[in-house]
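Some notes on the structure that comes next.
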Amino acid sequence: MPSLIFITALLGALASQVSASPANIAKRGLSLPPLIPKIPGVTEPLADNAPPLPILQLPTPPLDSPPFKVSNIKPKKIGYFWTGAGDNKHADFLVTASLDDDTFGEIIDITDVNTSGNSPHHLGSSLDGKTLVGGGLLSLLKTQDTAFYFDTSDPYHPKFDHSNRGILGSIVDEIRAKPDGGFFITYMGSAVGTSPGRLIETDANGNIIHEWPEDVEGTLNILGEQFSPHGLSVDFDKNIILTSDFVVPITILKPTLGIKKADTLRLWDLKSRKIISTITIPNGQGIQDVKFIPGNKESAALATAVGPGQVWIIYPFRKDSKGNQGVAELLYDLGDKAKDSLAIYSDITDDGKFAYFTITLGNHIAALDISDLDNVKRLDDPEEEQPIIGPHYVKISPDKKNLLVTGYFVQGGDISIVNTPGDYKGHWIDINDDGSLSFNRTIDFEKIFTKTRGGARPHSVVIFDLTDPKKPIYY
């Protein structure tokens, strides 16, 4: 059995080996086999009896998945939920479920990946709907691949295609598809979970081709100030990228002096993939998310400052008093429930009119009318007790009639100081004509998978709307 020292040495060797690698190699990613191969009758007891180690965990293979009854329906609206096994022993998996009114919540298929204990995090779709990629937040702790690719050529029966990992970065977060195929992905930590992380770029086949920044000036930038990119938004028309710095991943693990949070965003030139400037939100204490406002004439973006519980507006083409490009201004304070809520994630309607924010520890979803940025209107009652626990990932349905929210953020277990409450449900919430919300139906993943996988932890979701076969929407 590999010792903790051996595993740590392996990670260190990988990091040092890659630091000397040329920046222009065709494929920068790796995919390594499990350190402990699956041996029937041998590794199952090992997985059950292995105690939690201080940080790195035994890289045991997943337990066999028991049979599960699925449906053969073909709905027009499909939800793909990137889900962790509740017991962290069975394989993590992608749930394909119906979002149609008449068959809502019926499970069409379950697609296992080849490892367990990854803590499935964000999920994204290619623009052609043929590929989904999901990240593993804690894959590094079992020395496993950190990004998992699914073939969705048959949208009702996704197939696990392959997995890989970065060389300089780990801890996969936000995912954005490129028009020519492939993805930009924020890796919040270094190869060993510290700062700096990286902005990963893949080709259309999911191969890692770059780990940005790769120029000297950009590297000095991320070495000089915490670079823990979580949020990611790309304006392909205006040739800019925004990444937002959240927390140093390893500081959520015991022993720790506390979570190291960032106050910054990086503004990038899309064409060169170089950092233009660092934008600071004073006392932001974790800038978890950033998204460009669709249709905004100044390419303004909204960023969430988790510490103070605020929404800031970023003007990427304005300059500050020192001539630096990129200006941040306070847009809206979300109130007491949002302060120190650990996580605030967002989505914005494609007409730029409404914005929604999940307040994880506040057990609340805030709704704002942002059609007039000089007169933002709150559409929810901040004092209302909503029927949701631990909301995090939020996705507006393509027809703007519903909000899909998962009631789960992160539970690192005994080795972590982050274990947020959750209801482990997919909430399908009605969006009223005025942008306000009406809670409606849920998919109870914990109840569905308690007997087969020790429960389920659905972190993120992608929606396919196939209502118009000639114009399918993948979001």
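The values are calculated or read from the model by the stated rules, or taken from the named source; none is laboratory data. None of these values were measured; they are calculated from a predicted model. Here the Cβ positions follow ideal geometry from the backbone for every residue, glycine too, while neighbour counts run over all protein chains shown.
Below is a table of values for the structure above.
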{"item": "Residue that is in a loop (DSSP other than H, G, I, E, B) and crowded, with 17+ Cβ neighbours inside 10 Å, where the choices are Gly426, Gly422", "result": "Gly422"}
{"item": "Counted residues, the stretch 145-178 - those being outside any strand (DSSP E or B), of a type in the set (Asp, Glu) and farther than 30 Å from Glu225 by Cα", "result": "1"}
{"item": "Any hit, the stretch 445-464, residues being without any contact (Cβ under 8 Å) to a residue 24 or more places away in the chain and in a strand (DSSP E or B)", "result": "no"}
{"item": "Residue in the stretch 334-352 that is farther than 28 Å from Ile473 by Cα, at pLDDT 95 or above, of a type in the set (S, T, N, Q) and buried (at least 20 other Cβ atoms within 10 Å of the Cβ) present", "result": "yes"}
{"item": "Subset of the stretch 331-348 (residues that are more than 19 Å from Glu174 (Cβ to Cβ) and in contact with a strand residue (DSSP E or B) (Cβ under 6 Å, 6 or more places away or on another chain))", "result": "Leu331, Tyr332, Asp333, Leu334, Lys337, Ala338"}
{"item": "Pairs, first over 22 Å from Lys261 (Cβ atoms) in the stretch 215-237, second among the small types (Gly, Ala, Ser) and surrounded by fewer than 14 Cβ atoms within 10 Å (Cβ to Cβ), C-beta under 9 Å, six or more apart", "result": "Asp215/Ala23; Asp215/Ser272"}
{"item": "Close pairs (8 angstrom Cβ cut-off, 6 or more residues apart or separate chains): under 22 Å from Thr278 (Cα atoms) in the stretch 320-339, of a type in the set (Asp, Glu) and assigned to a loop (DSSP other than H, G, I, E, B) anywhere", "result": "Gly326/Asp320; Val327/Asp320"}
{"item": "Top-ranked residue in the stretch 179-205 [being within 17 Å of the chain's Cα centre (by Cα) and either of a type in the set (Lys, Arg) or outside any strand (DSSP E or B) (or both); ranked as modelled with the lowest pLDDT]", "result": "Gly193"}
{"item": "Scan of the stretch 428-438 for residues that are touching a Lys or Arg at 6+ places or on another chain (Cβ under 8 Å) and in contact (Cβ under 8 Å) with a residue 40 or more places away in the chain, ordered by number", "result": "Trp428, Ile431, Gly435"}
{"item": "Sole exception among (1) within 11 Å of Thr304 (Cβ to Cβ); (2) assigned to a strand (DSSP E or B) for Leu368, by number", "result": "(1)"}
{"item": "Which listed residue, of Phe439, Phe445, is buried (at least 19 other Cβ atoms within 10 Å of the Cβ) and within 22 Å of Ala343 (Cα to Cα)", "result": "Phe445"}
